[in-house]
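So the structure is just underneath, and the comments pick up after that.
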Amino acid sequence: MPGVGDSGAVGGADPRNATGTADGGDDGVGRARDGAGPAWQRPRQQLVRRLRAAGIRDERVLQALGLLPRHLFVDEALASHAYDDTALPIGHGQTLSQPYTVARMTEVLLAAGDCATVLEIGTGSAFQTAVLASLVRRVYSIERIAALWQRAEARLRDLRLRNVRLRHSDGHLGWPEYAPFDGILMTAAANGVPRLLAEQLAPGGRMVLPLDRGEGQVLLRLTRTRAGFRHEVLEPVTFVPLLGGIA
């Protein structure tokens, strides 16, 4: 069901499973690899070694980070820094999260078991979106800034990631038409757990989000149980604030 700025599936229909596509082509990671030539292989491998040394253990996540062409998600002037483990500006006061943060949030989201459908709040450059699309069946991603949403749509289409659906909307509202979700991942810091989003989790589903507690931000995993919601505080993080409305 279309919503505000709903662009439909990027590049075609949703895939039949996490590694197959609707048209029988190669998987999402393989398609993303098309955008990364041999010149980038060494820096990508070095990045994976740094992430492993920093404590990332999920080999699926490391493989996705090692194959995705991160240099295509930043301005050409910043491409030489694309495989540094650092955040990079993408305009409009937003950043492309450092690779460790992307890997850690993805690892935490997937650690609790099967996660077929994921809602992402804050598409940004769409790098985190692409990582998720390489690992789960379907990704629904919301971006409040029109210019970023349009760029993200073009990037994902170029990479032929077919299991992503984008929407230009207020992330606080979620995407109830496609709920419930097995996972929700937020890429901006909220002052509290957004209730509308928590209610869109499936039973056993989890939300990974940065939470601003006043004295600093922490990474939180919220799991929906039969009795309510279970909270796990994981580690300190730094994110841009979660804003409402569209721009």
From Cα pairs below 8 angstrom and at least 6 apart in sequence, can you work out the relative contact order of segment 40-137, rounded to a whole percent? 28
State the extension gain, in nm to one decimal, for the chain segment bounded by Ala247 and Ala202, taking 0.36 nm per residue of separation less the distance between their alpha-carbons. 13.2 nm
Gained length - Arg49 relative to Arg213, 0.36 nm times residue gap less alpha-carbon distance: 55.8 nm
Rounded to 5, the percent of DSSP beta bridges in segment 182-247 classed as antiparallel: 75
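Values quoted throughout were computed directly from the atomic coordinates according to the rules given, and no laboratory measurement underlies them. Computed from a prediction, not measured in an experiment: that's the story for all the values here.
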